[in-house]
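The values are calculated or read from the model by the stated rules, or taken from the named source; none is laboratory data. Here the structure is a predicted model, which means the values were calculated and not measured. Neighbour counts run over all protein chains shown; Cβ positions are idealised from the backbone, glycine included. These accessible areas exclude ligands, DNA and RNA; they are computed on the full protein's heavy atoms, side chains included. Shrake-Rupley method; radii C 1.70, N 1.55, O 1.52, S 1.80 Å.
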Amino acid sequence: MSIRRKILLYFSATIISLLGITLFFIYTLFYEFREEEFQQKQKQKITSTIKFLTEIKQADESIIQALDRISINEFYDEKLLIFDAAKNLIYSSIDDLQIPDKEVNGILNVLTIAHPWLETKDDLYDVVGVYVEYNNNTYYGINKAFDESGYSKLDFLRYVLIFTFLGISLAIILIAYYLSRIIAEPIVDITEKITDYNFDTLYIPIEVKRSENEIVVLAEQFNKLMKRMKEAVSFQKHAINHISHELKTPIAVLVSNFERMEKETDLEVLKTQIHRQKEDTKSLSEIINLLLELSKTDTGQSIPKTEIRVDELIFDTIDELAQLYPDFEFSLDYLGNTDNEALLTIQGSARLLKAAFTNLMLNSIHYSSNKEGNIQIITGENQLQIDFINKGPVIAPEEQKYLFQHFFRGKNSKGKSGFGLGLVFIHKIISQHDGHVSYSTDGKHLNKFSVIFPLQNS
């Protein structure tokens, strides 16, 4: 059963049940009140008749009958019997209604000074018996009557309550239907949007109408979860491509080392090269491990971090790339305060940051038109910024929004080898260091990638 139907059913059933119970309680109270009120009228008539009979007991019988005719319309379909102390009948109303002798004797046997009042029902007739002491004499009165007016009002009330119940129930169902639609609409909307959610498409957050309720919170949390899962699935899906992409440069360095070792004749120099080759091989193993660790961050795990002097890491990367691209030249400029070492130090993984910087420098190398690249380190009180600048074909403005997506390659990369994974990898690493990477251009021939890290000591 859908949430909308549950809301409609539960809300309607609860309110209608409470309404029915309330109206039934009102009807029951009125039913009891009618009976109590009519029986009190019967008692009053018995008492007033006994008093009257006592006052005119010497009068002619015709006077009593005349009184009976005068009062016959007081109750509809009624029988009144008055008995003296010896339980002899001294008065009987002229009505045709009869009270069986067995019933009369049963009532008279119950009435005593200790039990002066008895009330009972005979179908729709109310029957009361009263023990009365008046002028030092004892009397017994029995009255059986039909409360035409009371039952007529009770029937009218019953019809009113039934139609009230039906009308209010219909209104409740319509209101519940409307409310269930309003309440369930954003949930149904979210359900429809997530039913066929595809992790392979461009991430589009679920949008709901703004309001201060749990639905908006649910949508926001779902968007965060989906964004994180999409990134995780995407990164895991392309993990092999990432690893192979990042291993190309270290393997090329190893091959270059081997080529120089083949030509080397000096034994001491050869030993030094072998030692460096061993260290580079260890570094290659560490890179693979770090790439695997980076993939684990999608499950919430954090990468191990240490203090890193960023400019030193960049110098090491420049030296390493110089072995592969001796014709390309990088220049490095400092902008800002360089006396404070803390402004050049961040917390992070040296291997991962070196891999990110290597990719940024390789972009400068591959897309430079003059075999020159410039790196600017800009220090500040709150952040450290590194700009990687080169002259060459720029990325079109309409393509820049896809820059950090898997397998995206701009028009400026036409004729160049690659898989479009380097910038994705860079963005992933910088994000794990609480940093931000962005691209800008002068629109003609200047490419600039800016990496910004917040400083923890600020």
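Here R5 qualifies as in contact (Cβ under 8 Å) with a residue 60 or more places away in the chain and open to solvent by 80 Å² or more (accessible area, probe 1.4 Å).
Restrict the check to region 241-253 and report whether at least one residue is over 21 Å from N363 (Cα atoms) and modelled with pLDDT of 65 or more. Within region 241-253, not a single residue is over 21 Å from N363 (Cα atoms) and modelled with pLDDT of 65 or more.
One residue stands out among those in region 333-343 that are in a helix (DSSP H, G or I) and modelled with pLDDT under 90: the one that is nearest to the chain's Cα centre (by Cα), which is A342. Of note, I303 does not satisfy the criterion of being modelled with pLDDT of 80 or more and not in a helix (DSSP H, G or I). The residues of region 91-116 that are of a type outside the set (S, T, N, Q), open to solvent by 80 Å² or more (accessible area, probe 1.4 Å) and more than 24 Å from S149 (Cα to Cα), listed by number, are D101, K102, I113, H115. Exposed (fewer than 14 other Cβ atoms within 10 Å of the Cβ), modelled with pLDDT under 75, of a type in the set (K, R) and out of contact with any Cys (no Cβ under 9 Å at 6 or more places or on another chain): is that true of K282 in this structure? It is true that K282 is exposed (fewer than 14 other Cβ atoms within 10 Å of the Cβ), modelled with pLDDT under 75, of a type in the set (K, R) and out of contact with any Cys (no Cβ under 9 Å at 6 or more places or on another chain). Residues in region 352-402 that are in a helix (DSSP H, G or I) and among the basic types (K, R): K354, K401. Residue count for region 442-458 satisfying the condition of being in contact with a Pro (Cβ under 9 Å, 6 or more places away or on another chain) and over 12 Å from D387 (Cα atoms): 2. The lone criterion from (1) modelled with pLDDT under 75; (2) part of a loop (DSSP other than H, G, I, E, B) left unmet by T265 is number (1). Against the test of being farther than 28 Å from I395 by Cβ, open to solvent by 20 Å² or more (accessible area, probe 1.4 Å) and not in a helix (DSSP H, G or I), the options Q347, Q323 yield a single qualifying residue, Q347.
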